[in-house]
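The values are calculated or read from the model by the stated rules, or taken from the named source; none is laboratory data. On a predicted model such as this, the values are computed, not experimentally measured, just so you know. Here the Cβ positions follow ideal geometry from the backbone for every residue, glycine too, while neighbour counts run over all protein chains shown.
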Amino acid sequence: MNGGVLQGIKVVDLTSVVVGPVATMFLADYGADVIKVEAPAGDLLRKLGGASRSGQLSPKFLHFNRNKRSIAIDLKSAEGMAALRKLIASADICVSNMRGAAMKRLGLDVDSLFAMNPRLIYCSLVGFGQKGRYAAKPAYDGIIQGVGGLTGIFEAADGKPRFVPMTMADHVVGLIAAKMMLLQIIQREKTGQGGAIEVPMFENMAAFVMSEHMGQLTFDPPRGPPGDQRVLDPGARPIATSDGHICISANTDAQAFAFFRAIGRPELCEDPRFCSVKARYDNVSEYFALREDALRTRTTAEWLEIFDCADVPAGQSHTLETLLTDEHLQDVGLFRVTNHPAEGDILNIRLPNDADDLARPGYSPPPLQGQHSGDILAELGYSDEEIERLRLANVIVAPGRPQDEEKRMPA
């Protein structure tokens, strides 16, 4: 668990499911000691998103919780809360995706946290900014995709609102939260004081969508409709070939003219509908239609070879299965088989960015629930006897408790 640019930074992670674990995984990958605090029932994601051999480590949990340690505490007990307070008092960062009212009920409001630890950086991941009327509303990725405008982009494109088929809002906001915590670390180095960060999902996704699609509403008064019509057009999609689909992005004049020549239509370079960037934007539906007519005549591999030679930006439209076999990704080793003690061999995803000496050099497999409870409490000064007493009183969950073994015994 040593190494990385964030070595020495201790993070108390009170988050669950996706948005928070994405944020803290980034910190863990670069060396922070991320201590995942779970309730006795465990993070919902442990069992959500697919079966696993252990019953605790769903595929999604495995991919979002590497390089972390787990402590499982009953925060409804006084001793459990006392242990959490000691943990927070020793930490550099505390991050939570619980709503403000829940944190306050636990006695973990901002003022109480800073009273425990004035140098603490507290990051609150919330669905909605706490100064607005939606402050108390619950939020999940699907809700934020809707209110944040992602579903509306699809409605603008083809008349039917729908979700991006992945937890897009969770991923985007999780990475934004990681960025904000790193900025606060830099600020603490300058001032010596901790600070509070609020990262609202709604506001971040609304900004994410509208910076792309404000369009002519940018101007006051508006000069036209919202949206980048080039990417909202129904034809802005992978194009069918004779055996699959291909993606083309011929945007500059040089690229578009090379594309026209590659499909055997050089006369289109002089066509007033397509002879400039503005002309192609104004006639985007026709531009996309002619691409579809041309590309169905050859295989994807044939077109990729032609476009590579012509310097036309193009790529295969992968399925989830073919993405794993992409030759470039095999060259760079993005997907690697590693062994998990409880799950056997798993296909892990390495860090996609190369940066000298920034990342943690090793790999620690995602933890079982409460796997490190005893170790973490010992680091806080608890004796072996105290830890065992907390186990037996169900204040903490740790592997191998006697009552757990009894529960697994046949009746």
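Every test in (1) part of a loop (DSSP other than H, G, I, E, B); (2) touching a residue at least 12 places away in the same chain (Cβ under 8 Å) is passed by R162 save one, and that test is (2).
Residues in the stretch 183-203 that are touching a residue at least 40 places away in the same chain (Cβ under 8 Å), of a type outside the set (F, W, Y) and in a helix (DSSP H, G or I) were compared, and the one that is farthest from G127 (Cα to Cα) is R188. Within the stretch 391-404, residues that are in the same structural domain as A72 (by TED's automatic domain parsing) and more than 13 Å from S77 (Cβ to Cβ) sit with their Cβ atoms under 7 Å from residues that are surrounded by 17 or more Cβ atoms within 10 Å (Cβ to Cβ) and at pLDDT 95 or above, at 6+ positions apart or across chains, in these pairs: A398/G370; A398/S373; A398/G374; A398/R391; P399/L368; P399/G370; P399/Q371; R401/R391.
Among the residues of the stretch 38-89, those that are without any contact (Cβ under 8 Å) to a residue 12 or more places away in the chain and part of a loop (DSSP other than H, G, I, E, B) comprise A41, K47, G50, A51, G55, K76. Against the numbered list (1) of a type outside the set (S, T, Y); (2) under 30 Å from D228 (Cα atoms); (3) outside any loop (DSSP other than H, G, I, E, B); (4) in contact (Cβ under 8 Å) with a residue 40 or more places away in the chain, F128 comes up short only at (3).
The C-beta contact set for the stretch 205-232 (first residue among the acidic types (D, E), second residue outside any helix (DSSP H, G or I), distance under 9 angstrom, 6+ apart or interchain) comprises E212/G227; E212/D228.
Could we say that A378 is among the small types (G, A, S) and in the same structural domain as L87 (by TED's automatic domain parsing) here? Yes.
No other residue among I376, I306, I346 is under 23 Å from the mean Cα position of the chain (by Cα) and not in a loop (DSSP other than H, G, I, E, B) apart from I346. Only one entry of H213, H171, H245 meets the criterion of being surrounded by 15 or more Cβ atoms within 10 Å (Cβ to Cβ) and more than 29 Å from G49 (Cα to Cα), and that entry is H213. Of all residues in the stretch 259-271, those satisfying the criterion of being within 16 Å of C309 (Cβ to Cβ) and surrounded by fewer than 19 Cβ atoms within 10 Å (Cβ to Cβ) are R261, G264, P266.
Would you pick out the residues in the stretch 129-155 that are in contact with a helix residue (DSSP H, G or I) (Cβ under 7 Å, 6 or more places away or on another chain) and closer than 19 Å to L175 by Cβ? Correct list: G129, A139, D141, I144, Q145, G148, G149, L150. Answer yes or no as to whether A157 is in contact with a Pro (Cβ under 9 Å, 6 or more places away or on another chain), in contact (Cβ under 8 Å) with a residue 24 or more places away in the chain and more than 21 Å from V19 (Cβ to Cβ). When the stated conditions are applied, A157 passes them. Being under 17 Å from I121 (Cα atoms) and either modelled with pLDDT of 95 or more or among the β-branched types (V, I, T) (or both) holds for only one residue in V12, V22, V5, and it is V12. Going residue by residue through the stretch 293-302, is there one that turns out to be more than 30 Å from S364 (Cβ to Cβ), assigned to a helix (DSSP H, G or I), at pLDDT 95 or above and basic (K, R)? The answer is no, given that none of the residues of the stretch 293-302 is more than 30 Å from S364 (Cβ to Cβ), assigned to a helix (DSSP H, G or I), at pLDDT 95 or above and basic (K, R). Scanning the stretch 140-152 for residues that are within 20 Å of V17 (Cα to Cα), crowded, with 23+ Cβ neighbours inside 10 Å and either in contact with a strand residue (DSSP E or B) (Cβ under 8 Å, 6 or more places away or on another chain) or of a type in the set (A, V, I, L, M, F, W, C) (or both) yields a single hit, I144.
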